Amino acid sequence: MENINLKDIIADSGFRFNKSLGQNFISDKNLLDAIVADSGVTGDDVVVEIGTGGGTLTRAIAAVAKRVVSFEVDENLQSVLALSLKGVDNAEVVFRDVMKMSDDAIRRFVDGKFKVVANLPYYITTPLVMRFLESGLDVESLTVMVQQEVADRFVAKPNTPDYAAITLAIRMCGEAVVTRRVNRNMFYPVPNVDSAVVRIDVDRKKLENENLPLIRKLVRSAFAMRRKTLANNLSAAFGIDKQTAADRLKAAGFEPMVRGEVLSLDDYIRLSYQFR
Ligand code: SAM
């Protein structure tokens, strides 16, 4: 598929960027192809893109995938997309706010399993990722461009400053890897942060763990006040006294003064059996 000149198309169409929608577009063909390669998408895959923007990534995905459904909130992009997606017959752009769509509304466009590939709007990165990961939709993987510090949090190891509730929330659904770091100068207009591509492979078995709601509550409460001990946070969240919380920690093999940030997902799973 031939390259398109996004800057010319935008200039010709009179489109004005809306900063509050996180509109930082990519036009570099090598980077676009690299994101698609990182996603592992093949001709058998249906792909959901979040944020069509100028349609450059949509084109790169469509060149490889069976079909692309791309959601975009900004209808002002219609004239840009009419030009940039000309001749691409396996991509459909849906002008909707994806955060306001129910699972059933999304299923009307993609029924069955799909992969997400997106250069995400950074003002709602985490809610968007969690919306797809924790939904009832059949998502196989998400390959997403996010800001670098968010990527570091997604893949952090226990007992490091980046390790957070979101690290564990993602690990409860699958495995995340950073596939590449991307300099801010690769975007147009240039944002004030560097970025990274993260791929999250969804593991259905993890999502079927019967203790999942309890594990989620344990993790949320463990990081509610990071400086407090886990026993303190658990006592507040579960309405039990500190000694009971400490006893349950001990029964699961942890020191009573342990902090939530040193426990791995397997540790939280083990602890959940003391709270059933
Ligand atoms: N995919 C394009 C690219 O890589 O050049 C655009 C990426 S840009 C970082 C993010 C896009 O998401 C913007 O076009 C923005 O208008 C759109 N967007 C923001 N919030 C959205 C929402 N809630 N639902 C759908 N699209 C949204």
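The values are calculated or read from the model by the stated rules, or taken from the named source; none is laboratory data. All of these numbers come straight from a predicted model, not from anything done at the bench. Virtual Cβ from ideal backbone geometry, glycine too; neighbours counted across all protein chains shown. These area figures cover heavy atoms from the full protein model, side chains too; ligands, DNA and RNA do not enter into them. Shrake-Rupley method; radii C 1.70, N 1.55, O 1.52, S 1.80 Å.
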Kirkwood estimate for segment 39-79, i.e. one over the average of 1/r between Cα atoms, Å: 10.5 Å
Computed lengthening from R181 to E134, 0.36 nm per intervening residue step minus Cα-Cα distance: 14.3 nm
Area accessible to solvent at V262, 1.4 Å probe radius, in Å²: 60 Å²
Simple label model, 7 Å out from Cα along Cβ direction - A34 to R226, nm: 3.0 nm
Additional length obtainable on full extension of the chain from S264 to D247, 0.36 nm per residue less Cα span: 4.2 nm
Volume in Å³ per residue [convex hull over Cα atoms, computed for segment 98-199]: 108 Å³
All Cα pairs of the chain, percent lying beyond 36 Å: 23 percent
Accessible surface ranking that places the most exposed of K250, K206, K19 first, with a 1.4 angstrom probe: K19, K250, K206
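For the chain, what is the accessible area per residue in Å², given a 1.4 Å probe and the full set of protein chains?
47 Å²
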Accessible-area value, M257, 1.4 Å probe, nucleic acids and ligands omitted, Å²: 140 Å²
Environment charge of F154, counting only residues whose C-beta is closer than 11 Å and scoring Lys/Arg +1, Asp/Glu -1: -1
Projected-area mean, segment 125-276, by convex hull of Cα positions, square nanometres: 9.6 nm²
Rounded percent of accessible protein surface that carbon and sulfur make up, the chain, 1.4 Å probe: 47 percent
Choice from I240, I50, I170 with maximal GNM fluctuation in the chain (Cα, 10 Å cutoff): I240
Extension reserve of the D111-D162 stretch, reckoned as 0.36 nm per residue once the Cα distance is removed: 14.8 nm
Over segment 190-235, volume per residue of the alpha carbon convex hull, in Å³: 130 Å³
Accessible surface of V197 - all protein chains present, 1.4 Å probe, nearest 10 Å²: 0 Å²
Summed side-chain charge close to G40 - residues other than G40 whose Cβ falls under 9 Å, Lys, Arg +1, Asp, Glu -1: -1
Where only C-alpha atoms are counted, convex hull volume of segment 225-272 per residue in Å³: 66 Å³
Tilt relative to the chain, helix 212-222 - C-alpha long axis, 0 to 90 degrees, to 10: 80 degrees
Surrounding net charge for T56, when Lys and Arg each add one and Asp and Glu each subtract one, Cβ distance under 12 Å: 0
Inter-centroid distance (Cα atoms) of segment 69-135 relative to segment 2-65, Å: 12 Å
